[in-house]
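Remarks on the structure that follows.
The values are calculated or read from the model by the stated rules, or taken from the named source; none is laboratory data. It should be emphasised that the depicted structure is a prediction, and the values quoted were computed from it without experimental measurement. Positions of Cβ are generated from backbone atoms using ideal geometry, with glycine treated the same way; all protein chains shown enter the neighbour counts. These area figures cover heavy atoms from the full protein model, side chains too; ligands, DNA and RNA do not enter into them. Shrake-Rupley method; radii C 1.70, N 1.55, O 1.52, S 1.80 Å.
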Amino acid sequence: MNGLGRGFSRFATRCLRRHLVGPEQRWRFEPPAPGWSPPPVERTSLYLHVPFCRNSCPYCPYTKVPYDAALIEPYTRAALVEVDRWADAIGLAEITSVYVGGGTPTHALASVTRVLERVRGRFRLTGDICIETSPPDIDVETVQRLHDLGARLVSLGVQSFRAEHLATLGRSYQPAVAERALALLASSGFDAVNADIMFALPGQTAEDVVFDLDRAAELGATQITVYPLFTFPYTTVGEYLRLKAVRMPDLHMRRRQYRAICDWCSSHGFERVSVWGFKRGAAPRYSSVTRDGYIGIGPGAGSHLPDGFTVNTFDLAAWVHSLDSGRSPVALRMPFAGHTGGWWWLYWRFYDTRIPLDAVDHALGGDARKALRWMGAVERAGLARRKGPDLELTDRGAFWLHLVQNHFALAYVNTLWTAGRQQAWPPAVAM
């Protein structure tokens, strides 16, 4: 997108935000005011970010550092302190789910185990523990350690079973490694096993994507999360695409691939559970993002609180130092005004592709009528349909939502994360 296009996009975004949420909401992250502390919370989720990677995937935008065994203990010590800080601030909250992501959490399972023990001691942990895994790390010993720490839902970052696409993504292993890992996880008694598969890769065809789906199902995945290559400008793949002029699939090919994914899932007993996710059978749904609220532990971890969003410093050393010094690691905060929290709830329900209409009034209060008018327009456009008490996105609606998400929501993420990567303690970030 050229400069004129970016300017128009930002203008359109500001107009839409002002219409939906209102002028009182300031779309700006700033350092928390002196003396600010999180409000008490009765129920929430918890995200634990483990930043260590032995192989840095070029498309990954998340906070990560090269694996170094000497960094594990300082990280663990700081994470334990951060759990205590949250418990002291919000009280004995019920933790309805734990998500462990990264980075590569399986590089530091002893650390994860210690942090989860502290979580159990300071909160009421009632929900499932979900964890990301990487194919080269999966063996019988790792599987047992995952069970020992209480993980019941696991996700394997397969991305592709084609060697050429793994090479494009900077993955240094062969497809057989991912195949063995997925088969082992699927046969090891977890409640759900998700396989991440990527589409819209340079040179990838719809037939390539279907091949990957076939293999994931054959190897026992209970859920398949299929998402496109996101080209954040600051990632290595963003630089690569700019410098090497690699051709990404055009909109026609992208739509053809998404339609092939939906058709395959429908014919193989996988039901849609989000824009990207499809699961089969009675296995629980694996989801990394659709939590109504959460607290974040680790460098770069965000928190969704009743009064707004917070983001920790992205810099591992700064995060450790702040906690060792008795200071908060929160670098930025965006307070909510009006019914902003309800609009975020609605956004994630669209991501789920199912909006419970009877919950809209409670979530959005005085903005509920406006939200329902917009949903009516979405339904009339053929992008959603009524299904019992819910409004459910059609395949076409889910496709266009993923484009909107890629264009607008990820632009916000890119703005915030670029600032966080450039400075440990950014002065302010306008969204």
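Which of the residues spanning region 278-296 are at pLDDT below 95 and surrounded by 20 or more Cβ atoms within 10 Å (Cβ to Cβ)? Steps first, please.
Taking region 278-296 as the starting set, the residues that turn out to be at pLDDT below 95 are 281-293.
Those that are at pLDDT below 95 and surrounded by 20 or more Cβ atoms within 10 Å (Cβ to Cβ): Tyr286, Ser287.
Check region 70-80 and report whether any residue there is assigned to a loop (DSSP other than H, G, I, E, B) and modelled with pLDDT of 95 or more. Steps first, answer last, please.
At the first step, the residues of region 70-80 found to be assigned to a loop (DSSP other than H, G, I, E, B) are none.
The answer is no; no qualifying residue exists.
Out of curiosity, is Thr353 under 25 Å from the mean Cα position of the chain (by Cα) and at positive phi? Give the steps one after another, and end with the answer.
Values: under 25 Å from the mean Cα position of the chain (by Cα): yes; at positive phi: yes.
So Thr353 fits the description; yes.
Are there any pairs, at least 6 apart or on different chains, whose C-beta atoms fall under 6 Å, with the first in region 71-95 and closer than 17 Å to Ser325 by Cα and the second open to solvent by less than 30 Å² (accessible area, probe 1.4 Å) and in a helix (DSSP H, G or I), and if so, which?
Close Cβ pairs satisfying both conditions: Pro74/Val320; Thr76/Ser111; Ala78/Val320; Ala78/Leu323; Ala79/Val115; Val81/Leu323; Glu82/Leu323; Val83/Val119.
Name every residue in region 160-174 that is without any contact (Cβ under 8 Å) to a residue 40 or more places away in the chain and either open to solvent by less than 30 Å² (accessible area, probe 1.4 Å) or of a type outside the set (Val, Ile, Thr) (or both), in order of residue number. Walk me through it before giving the result.
First pass over region 160-174, keeping only residues without any contact (Cβ under 8 Å) to a residue 40 or more places away in the chain: 163-164, 166-168, 173-174.
Ala163, Glu164, Leu166, Ala167, Tyr173, Gln174 - these are the residues of region 160-174 that are without any contact (Cβ under 8 Å) to a residue 40 or more places away in the chain and either open to solvent by less than 30 Å² (accessible area, probe 1.4 Å) or of a type outside the set (Val, Ile, Thr) (or both).
Which one of these is part of a strand (DSSP E or B) and either open to solvent by 20 Å² or more (accessible area, probe 1.4 Å) or more than 25 Å from Thr340 (Cα to Cα) (or both): Thr63, Thr106, Thr96, Thr44? I'd like the intermediate steps shown before the answer.
Details: Thr63 fails: part of a strand (DSSP E or B); Thr106 fails: part of a strand (DSSP E or B); Thr44 fails: either open to solvent by 20 Å² or more (accessible area, probe 1.4 Å) or more than 25 Å from Thr340 (Cα to Cα) (or both).
Within the list Thr63, Thr106, Thr96, Thr44, the selection yields Thr96.
Keeping to region 186-207, report how many residues are out of contact with any helix residue (DSSP H, G or I) (no Cβ under 7 Å at 6 or more places or on another chain) and part of a helix (DSSP H, G or I).
Keep residues of region 186-207 that are out of contact with any helix residue (DSSP H, G or I) (no Cβ under 7 Å at 6 or more places or on another chain), which gives 186-187, 189-192, 194, 196, 198, 203, 205, 207.
Restricting the remaining residues to those that are part of a helix (DSSP H, G or I) gives 186, 207.
So the count comes out to 2.
Name the residue, out of Arg421, Arg354, that is over 29 Å from Arg28 (Cβ atoms), charged (D, E, K, R) and open to solvent by 50 Å² or more (accessible area, probe 1.4 Å).
Numbers: Arg421 fails: over 29 Å from Arg28 (Cβ atoms).
When all the criteria are applied, what remains is Arg354.
Just need a number here: residues in region 323-358 that are touching a Leu at 6+ places or on another chain (Cβ under 8 Å) and within 30 Å of Val81 (Cβ to Cβ).
Going through region 323-358, the residues touching a Leu at 6+ places or on another chain (Cβ under 8 Å) turn out to be 329, 332, 339, 342-343, 345-346, 350-351, 353-355, 357.
So of that shortlist, the ones also within 30 Å of Val81 (Cβ to Cβ) come out as 329, 332.
Total satisfying the criteria: 2.
Only one of (1) open to solvent by 20 Å² or more (accessible area, probe 1.4 Å); (2) at pLDDT 95 or above; (3) over 16 Å from the mean Cα position of the chain (by Cα) fails for Ala371. Which number is that?
(1)
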